[in-house]
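Inspection log for the structure reproduced underneath, given as structure tokens.
The values are calculated or read from the model by the stated rules, or taken from the named source; none is laboratory data. This one's a predicted model, so the numbers in the text were calculated from it and none came from an experiment. Positions of Cβ are backbone-derived with ideal geometry, glycine not excepted, and every protein chain shown enters the neighbour counts. For the accessible areas, the whole protein counts, side chains as well, though only heavy atoms, and no ligand, DNA or RNA atoms are used. Shrake-Rupley method; radii C 1.70, N 1.55, O 1.52, S 1.80 Å.
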Amino acid sequence: MKQPLVKRVKRVLEHKGSILDIYSDYMELPDGKIEKWDYVEHRKGAAAVVPVLSDGRILMVSQYRNALERFTLEIPAGSRDSKTEPTIECAARELEEETGYYCENLEFLLSLRTTVAFCNELVDVYVARELVATNQQHLDEGEFIDVKPYTLEELCNLIYQGVIQDGKTVAAIMAYKNKYQ
């Protein structure tokens with residue numbers, strides 16, 4: 001079945017942020033009407049990592065998220081330094097910065113789009129095993145992160161209880177469980 005034609009006729013930059021730009025897109029719909037849609041461009045993309053300790057527990061980070069006005073439990077993640085930085089390098093950097101562990105061999109798990117209705121953000125997720133402790137986080141300025149290991153069962157229960165709601169974390173934990181259990 002052929003998809004009806006929808007096309008952008010104009011894009012207006014409304015706000016330029018440090019990693020996001022916010023636009024108003026004027027879209028022509030199949031019936032000829034013009035509608036204004038919001039569009040958020042994530043300029044660099046991101047990477048995340050499921051850090052698995054030798055006993056099978058997964059390291060999680062807790063940090064304050066302004067949009068939710070509370071602390072959240074997530075896998076380590078962050079934006080790439082540039083649009084051309086390989087996501088595997090970003091994932092390795094974020095792992096060490098946020099948890100104080102590094103890993104020589106990251107394994108690709110999945111790619112996901114966080115909010116397809118209005119944002120182009122792409123996150124590549126990796127699995128890290130054979131973790132080596134550096135015993136020191138390397139947090140960005142203004143970053144305050146607690147790290148704690150959880151069993152896969154505990155994490156699944158926290159997802160089903162609605163405690164873990166971060167999309168990349170839910171997708172990563174469930175994909176990890178599906179692939180490795």
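How many residues are free of Cβ contacts under 8 Å to residues at least 60 places away in the same chain, more than 16 Å from Cys119 (Cα to Cα) and touching a strand residue (DSSP E or B) at 6+ places or on another chain (Cβ under 7 Å) when one looks only at segment 23-64?
Total satisfying the criteria: 4.
Kindly indicate which of Glu74, Glu96 is among the acidic types (Asp, Glu) and in contact with a Phe, Trp or Tyr (Cβ under 8 Å, 6 or more places away or on another chain).
On the way: Glu74 fails: in contact with a Phe, Trp or Tyr (Cβ under 8 Å, 6 or more places away or on another chain).
Only one candidate passes the filter, namely Glu96.
Of (1) open to solvent by 50 Å² or more (accessible area, probe 1.4 Å); (2) touching a residue at least 40 places away in the same chain (Cβ under 8 Å); (3) in contact with a helix residue (DSSP H, G or I) (Cβ under 9 Å, 6 or more places away or on another chain), Lys83 satisfies all except one. Which?
The one condition Lys83 does not meet is (3).
Being surrounded by 14 or more Cβ atoms within 10 Å (Cβ to Cβ), under 18 Å from Gln63 (Cβ atoms), free of Cβ contacts under 8 Å to residues at least 24 places away in the same chain and β-branched (Val, Ile, Thr) is the requirement here; does Val170 meet it?
yes
Identify, please: which residue in segment 44-60 is under 15 Å from the mean Cα position of the chain (by Cα) and under 13 Å from Tyr102 (Cα atoms) and is, among those, surrounded by the most Cβ atoms within 10 Å (Cβ to Cβ)?
The extreme case among them is Val49.
Residue by residue through segment 87-108, note down the ones that are out of contact with any helix residue (DSSP H, G or I) (no Cβ under 8 Å at 6 or more places or on another chain), open to solvent by less than 60 Å² (accessible area, probe 1.4 Å) and within 18 Å of Leu122 (Cβ to Cβ).
Thr87, Cys90, Ala91, Ala92, Arg93, Glu94, listed by residue number.
Considering only segment 132-152, I want to know if a residue exists there that is at pLDDT 95 or above, among the acidic types (Asp, Glu) and out of contact with any helix residue (DSSP H, G or I) (no Cβ under 7 Å at 6 or more places or on another chain).
no
On the given criteria, is Ala77 touching a residue at least 60 places away in the same chain (Cβ under 8 Å) and under 21 Å from Met174 (Cβ atoms)?
It is true that Ala77 is touching a residue at least 60 places away in the same chain (Cβ under 8 Å) and under 21 Å from Met174 (Cβ atoms).
Report, by residue number, each residue of segment 32-43 that is modelled with pLDDT under 95 and open to solvent by 60 Å² or more (accessible area, probe 1.4 Å).
Arg43 - this is the single residue of segment 32-43 that is modelled with pLDDT under 95 and open to solvent by 60 Å² or more (accessible area, probe 1.4 Å).
Consider Gln3 against the criteria (1) more than 19 Å from the chain's Cα centre (by Cα); (2) assigned to a strand (DSSP E or B): it satisfies all of them except one. Which criterion is unmet?
In the conditions (1) more than 19 Å from the chain's Cα centre (by Cα); (2) assigned to a strand (DSSP E or B), Gln3 misses (2) alone.
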